[in-house]
Each structure stands twice: as C-alpha cells, then as structure tokens.
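Encoded as structure tokens, the structure appears first; notes follow it.
The values are calculated or read from the model by the stated rules, or taken from the named source; none is laboratory data. No experiment lies behind these values; they were computed from the predicted model shown. Cβ placement follows ideal geometry from the backbone for every residue including glycine, while neighbour counts extend to all protein chains displayed.
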Amino acid sequence: MRQIVFCLLLLQPFTMQAATQFSQSECQKLNAQRLEVRKQLRQPYDADHGQKLQDKLQQLERVLKNHCKKPVKDAPPQ
C-alpha cells in the first residue's frame, strides 16, 4: 500500500502541466463574453436555452481560470 501511494506521489508532478497563458486582450474578450452570458442568464429564457447558457458560462470560467491567471502582455502594435 505504501508503495502505491509513493508511486502516485512521484507521478503527480508529471500529470500537472502548466497551461499556456493567454494575452491580456484575449482574457478581456473572454471576460466580456462571460459577463454577457451572465447578463443573459438574468433575462427570461426557456429550459433548453438556460442549460446552454449555463454550459457556456462554465466553459468560459474554466478557460479563464486555466489560461488567464497571469495574462501575457500584448505586443505593441507595429
């Protein structure tokens, strides 16, 4: 039993990979989409549309959580 736990602890760092961070502008766009979905959820909707909005909100929050923790600065325009 100890050997199994030890092996799992050794393998854990290899299964956790850092997610690529998006640019600040990409994160702002995603956050604006998230706010828009939340706004739509405050309006009347049927069950099917409500489920789609909830799914979209969860997807956006997951992407923001994984890829916008420390957004990369946007490159200056050339």
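When GLN43 is tested against (1) in a helix (DSSP H, G or I); (2) at pLDDT 95 or above, just one condition goes unmet, and that condition is (1).
Here LYS56 fulfils each of the conditions (1) out of contact with any strand residue (DSSP E or B) (no Cβ under 9 Å at 6 or more places or on another chain); (2) of a type in the set (D, E, K, R); (3) exposed (fewer than 14 other Cβ atoms within 10 Å of the Cβ) apart from (3). The number of residues in the stretch 46-78 that are of a type outside the set (Lys, Arg) and assigned to a helix (DSSP H, G or I) comes to 17. For the stretch 37-53, a tally of residues being loosely packed, with under 14 Cβ neighbours inside 10 Å and either under 26 Å from ASP74 (Cα atoms) or in contact with a strand residue (DSSP E or B) (Cβ under 8 Å, 6 or more places away or on another chain) (or both) returns 0.
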